[in-house]
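A.B. asks: My questions will all concern the structure given below.
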Amino acid sequence: MLAEIPIAQLRVFLHVLDAKSYRAAADKDLRSQPAVSKNIQWLEEKLGEPLFEADRRTTPTPFGKV
């Protein structure tokens, strides 16, 4: 499963974690904020678990921390 996930998409996830902001992660990756949101949504669907808390979209869930 993990082998099917492109490194670039994992990098976006790490940028959101580091920046604690979708907009800052988008700027760092030279993407739009909606593209970053879509990337996180795709990762969550692929992994079958949420990566960020629903009430605070930049706070990682326990799964996101792992």
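The values are calculated or read from the model by the stated rules, or taken from the named source; none is laboratory data. Values in this document were obtained by computation on a predicted structure and should not be read as measured data. Note: ideal-geometry Cβ built from the backbone for every residue, glycine included; neighbour counts use all protein chains shown. Just so you know, the surface numbers come from the protein's heavy atoms only, side chains and all, with ligands and any DNA or RNA stripped out. Shrake-Rupley method; radii C 1.70, N 1.55, O 1.52, S 1.80 Å.
A.B. asks: Just to check I understand the Karplus step: with θ = phi - 60° and J = 6.51 cos²θ - 1.76 cosθ + 1.60, what whole-Hz values come out for segment 34-47, glycine and proline as x?
C.D. replies: x, 5, 5, 4, 5, 4, 5, 4, 4, 4, 4, 5, 5, 7
A.B. asks: Under 5 Å between amide H atoms, partner at least 5 residues away or on a different chain: which partners does Thr59 have, H built in plane at 1.01 Å?
C.D. replies: The list, which skips near neighbours in sequence, is Glu53.
A.B. asks: With every protein chain left in place, what is the accessible area per residue of the chain in square angstrom, probe 1.4 Å?
C.D. replies: The answer is 67 Å² per residue.
A.B. asks: Something else about it: What nm distance separates the two modelled labels at Leu14 and Glu53, each placed 7 Å from Cα along Cα→Cβ?
C.D. replies: Distance between the two pseudo-spin positions: 2.4 nm.
A.B. asks: Output wanted: per-residue J couplings in Hz (rounded whole) for segment 4-10, from phi through Karplus 6.51 cos²θ - 1.76 cosθ + 1.60, θ = phi - 60°, x for Gly and Pro.
C.D. replies: Each residue's phi maps through the Karplus curve to give 7, 9, x, 4, 4, 6, 5 Hz.
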